[in-house]
Amino acid sequence: MLNFNWNSVDESTFQGHLNKYTNAFKRYQTRYFILDAQTKSLLYFMPDEIRKKGPRGVIELTDCWILPSNEDDVTFTVQTTGNGE
């Protein structure tokens, strides 16, 4: 588990493209992510809908675990206690 200090978040440095695994297509798809320090959540958007529409999804990070992958150095999983994604 990684330690994280919400007070050090600068939104301009915590946003960008990530690949999100989608169960519907059983593969990774590119999404634009923004870490929101105020709500302590990770918002994601379809690449062509960045800030034009609402987020495609929100991952609440108030009670979660970040699990690094054993496969490579850049893959990780966000595991939450909620029923959402």
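The values are calculated or read from the model by the stated rules, or taken from the named source; none is laboratory data. Just so it is clear, the structure is predicted and the values come from calculations on it, not from any experiment. Every residue, glycine as well, gets a Cβ built from its backbone with ideal geometry; the counts of neighbours run over all protein chains shown. Accessible surface is based on the protein model in full, side chains and every heavy atom, while ligands, DNA and RNA are left aside. Shrake-Rupley method; radii C 1.70, N 1.55, O 1.52, S 1.80 Å.
For this structure, a couple of remarks:
- Taking 0.36 nm per residue of separation and subtracting the Cα-Cα distance, full extension of the segment from N70 to T22 would add 15.3 nm.
- Qualifying chymotrypsin sites (Phe, Trp or Tyr not before Pro) in the stretch 16-85, where qualification requires a DSSP coil assignment and no more than 11 other C-beta atoms within 10 Å, comprise F25.
- Candidate lysines for bridging to K52, where Cα separation is under 22 Å - those fewer than 8 sequence places away on the same chain excluded: K20, K40
- T81 sits with roughly 80 Å² accessible to a 1.4 Å probe, with DNA, RNA and ligands left out of the calculation.
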